[in-house]
Amino acid sequence: MVSAHWETARPAASTAQKPKTIHDFGGFPAELYRLQYPAPGAPALAGRVAQLLSASGMAADLDPLRGLDHGAWVPLRYLFPDADVPVTQLSIQPHLDPSHHYRVGEALQPLTQEGVLVIGSGSLTHNLREVRFNAPDGESAPYVGEFQDWIQRTIGNHDLAALLDYRKQAPSAVRAHPTDEHLLPLFVALGAAGAKSIAKRVTDEVTYSVVAMDTYVFEATPMGRQGAALSDRAPAPTH
């Protein structure tokens, strides 16, 4: 899991044997804070991640204590509700650009041949200053749809250069992402799947009028083998 909610100076992977469920949000109903996701850790995989990154010229750290933040465990509760799939989390570097995160994904490409699912978790748009909690279901600010359509079209065209330069080329990019940490996991998933992977958008839900929760699955070959996936979090919480 590559979540927008673990930020470090350089890549770090969790070697926790039993990752704790981190409730890193505030102001929500008490029921959310009682939820647990007791999936086993994957320390050997974390070591493999660090090895691959090092081989690509990127130093990586191992963190024996890091649990799963809500960017990780919320989508995992839907994907693997029995919490029986081992998982490790990899951090992002918000001070570095999409190209860095794409290179991180490229370094992880061998994992897609080793029975590992690479998931990036964030939001396709994430301007919380414009959130409307009372927005009617299905309402979407016009700029949100424009940004969604641009991402889908640009991914479909395999225009990697435009994607990596999205802040200058995408419509309303800075409005959609005042800071881009919530889009950076997308680039890790893209890199892991490969530049010529086949992308399928499976959801395009918008919450609170401005938080797009598009979910993409990337297949590395036409044969349908899943290479990497980008999964946005479920609608709540959306910090």
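The values are calculated or read from the model by the stated rules, or taken from the named source; none is laboratory data. Everything quoted here is computed from the prediction, not taken from an experiment. We place every Cβ from the backbone using ideal geometry, glycine too, and count neighbours over all the protein chains shown.
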Tally of residues being free of Cβ contacts under 8 Å to residues at least 40 places away in the same chain, in a helix (DSSP H, G or I) and either in contact with a Lys or Arg (Cβ under 7 Å, 6 or more places away or on another chain) or more than 21 Å from residue 118 (Cα to Cα) (or both) across segment 18-47: 4
Enumeration of residues in segment 135-148 that are surrounded by 19 or more Cβ atoms within 10 Å (Cβ to Cβ) and either among the aromatic types (Phe, Trp, Tyr) or in a loop (DSSP other than H, G, I, E, B) (or both): 141, 147
Enumeration of residues in segment 149-163 that are outside any loop (DSSP other than H, G, I, E, B) and not β-branched (Val, Ile, Thr): 149, 150, 152, 153, 156, 160, 161, 162, 163
Unique residue being free of Cβ contacts under 8 Å to residues at least 40 places away in the same chain and under 20 Å from residue 100 (Cα atoms) when the list is 50, 9: 50
Whichever residue in segment 1-17 is polar (S, T, N, Q) and in a loop (DSSP other than H, G, I, E, B) and, among such residues, is surrounded by the fewest Cβ atoms within 10 Å (Cβ to Cβ): 17
Residue 172, sole failed condition from (1) surrounded by 14 or more Cβ atoms within 10 Å (Cβ to Cβ); (2) on the phi < 0 side of the Ramachandran plot: (2)
All positions within segment 93-125 that are buried (at least 23 other Cβ atoms within 10 Å of the Cβ) and under 18 Å from residue 167 (Cα atoms): 101, 122, 123, 124, 125
Matching option when the condition is over 18 Å from residue 105 (Cβ atoms), of a type in the set (D, E, K, R), in contact with a Phe, Trp or Tyr (Cβ under 8 Å, 6 or more places away or on another chain) and surrounded by fewer than 22 Cβ atoms within 10 Å (Cβ to Cβ), among 153, 132, 167: 132
Members of segment 99-113 that are within 22 Å of residue 85 (Cβ to Cβ) and either in contact (Cβ under 8 Å) with a residue 24 or more places away in the chain or touching a Phe, Trp or Tyr at 6+ places or on another chain (Cβ under 7 Å) (or both): 104, 105, 108, 109, 110, 111, 112
Selection count where residues are modelled with pLDDT under 50, in contact with a Ser or Thr (Cβ under 6 Å, 6 or more places away or on another chain), assigned to a loop (DSSP other than H, G, I, E, B) and surrounded by fewer than 23 Cβ atoms within 10 Å (Cβ to Cβ), scope segment 188-239: 1
Within segment 164-179, tally of residues that are under 18 Å from residue 213 (Cα atoms) and not in a loop (DSSP other than H, G, I, E, B): 5
